[in-house]
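The values are calculated or read from the model by the stated rules, or taken from the named source; none is laboratory data. These figures come from a predicted structure and were not determined experimentally. Positions of Cβ are generated from backbone atoms using ideal geometry, with glycine treated the same way; all protein chains shown enter the neighbour counts.
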Amino acid sequence: MLNSSGLMPRIAIYPGSFDPPTNGHLDIIERASTLFDTLVVAVGTNSEKSPFMSVNERMAALNESTTHLQNVRIDTFKGLLVKYAQDQGSRVLVRGLRAISDFDYEFRVSMANKNLAPEIETVFLIAKEEYSFIASSVVKEMAQLGADFSKFVPGPVAERMAKILAERPED
């Protein structure tokens with residue numbers, strides 16, 4: 001099946017933990033959605049980690065934050081990313097880079113993925129300057145320490161985070 005440009009439809013996967021989803025993540029989602037026919041934002045699950053937001057909360061927050069993007073789909077996966085991409089019919093992984101340290105890590109992961117699945121390419125999008133310092137771990141720490149984190153996350157994420165914090169017992 002060909003798309004309107006006469007090419008095979010391109011499905012790209014933007015994987016991550018998204019715990020919590022940040023404005024930086026949303027920027028990468030918005031920009032990547034203009035490059036591919038379909039962008040699947042794939043929330044990875046890791047049973048060995050104790051996340052701030054549950055997988056369902058992250059997926060709901062991402063769904064609410066991307067309603068304006070018709071070609072974006074939110075999904076979850078467990079296990080090997082390249083296997084998930086193959087199962088989705090994707091040959092493209094999207095990753096965001098904020099700093100040199102991100103590149104070093106992402107380069108190694110993309111080389112391992114390439115070794116496992118040579119047909120899958122990784123596309124790197126450079127973070128906009130205003131998002132280059134935002135990391136989920138920093139946002140989580142700010143939230144847990146009572147700082148205003150709302151300007152670093154989309155509105156639906158801030159609402160969910162505030163609810164989670166309100167429901168947690170005081171230490």
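Descriptive notes on the structure:
- Among residues of segment 62-80, those that are in contact with a Phe, Trp or Tyr (Cβ under 8 Å, 6 or more places away or on another chain) and either closer than 27 Å to Leu165 by Cβ or in a helix (DSSP H, G or I) (or both), counted: 1
- All positions within segment 134-164 that are at pLDDT below 95, in a loop (DSSP other than H, G, I, E, B) and within 16 Å of the chain's Cα centre (by Cα): Ile134, Ala135
- Residue pairs meeting the criteria (Cβ under 8 Å; at least 6 apart or on separate chains; first under 17 Å from Ala32 (Cβ atoms) and of a type in the set (Phe, Trp, Tyr), in segment 127-139; second modelled with pLDDT of 90 or more and in a helix (DSSP H, G or I)): Tyr131/Asn23; Tyr131/Gly24; Tyr131/Asp27
- Counted residues, segment 124-133 - those being closer than 22 Å to Arg108 by Cβ and assigned to a loop (DSSP other than H, G, I, E, B): 2
- Some residue of segment 81-89 being in contact with a helix residue (DSSP H, G or I) (Cβ under 7 Å, 6 or more places away or on another chain), closer than 22 Å to Ile126 by Cα, modelled with pLDDT of 95 or more and in a strand (DSSP E or B): no
- Among the conditions (1) surrounded by fewer than 16 Cβ atoms within 10 Å (Cβ to Cβ); (2) modelled with pLDDT under 95; (3) in contact with a strand residue (DSSP E or B) (Cβ under 9 Å, 6 or more places away or on another chain), Arg98 misses just one, which is (1).
- Filtering segment 49-75 to residues that are among the hydroxyl-bearing types (Ser, Thr, Tyr) and farther than 18 Å from Ser33 by Cα leaves Ser50, Ser54.
- Boolean, Met53 is surrounded by 13 or more Cβ atoms within 10 Å (Cβ to Cβ), in a helix (DSSP H, G or I) and either aliphatic (A, V, I, L, M) or in contact with a strand residue (DSSP E or B) (Cβ under 8 Å, 6 or more places away or on another chain) (or both): no
- Scanning segment 16-71 for residues that are of a type in the set (S, T, N, Q) and either under 15 Å from Val139 (Cβ atoms) or in contact (Cβ under 8 Å) with a residue 60 or more places away in the chain (or both) yields a count of 4.
- Looking across segment 106-143, the residues that are polar (S, T, N, Q) and farther than 30 Å from Leu165 by Cβ come down to Ser110, Asn113, Asn115, Thr122.
- Residue list for segment 94-108, restricted to those being closer than 19 Å to Glu129 by Cβ and within 17 Å of the chain's Cα centre (by Cα): Arg95, Gly96, Leu97, Arg98, Ala99, Asp102, Phe103, Glu106
- Pairs where the first residue, in segment 94-108, is without any contact (Cβ under 8 Å) to a residue 24 or more places away in the chain and the second is of a type in the set (Lys, Arg), C-beta under 7 Å, 6+ apart: Glu106/Arg95
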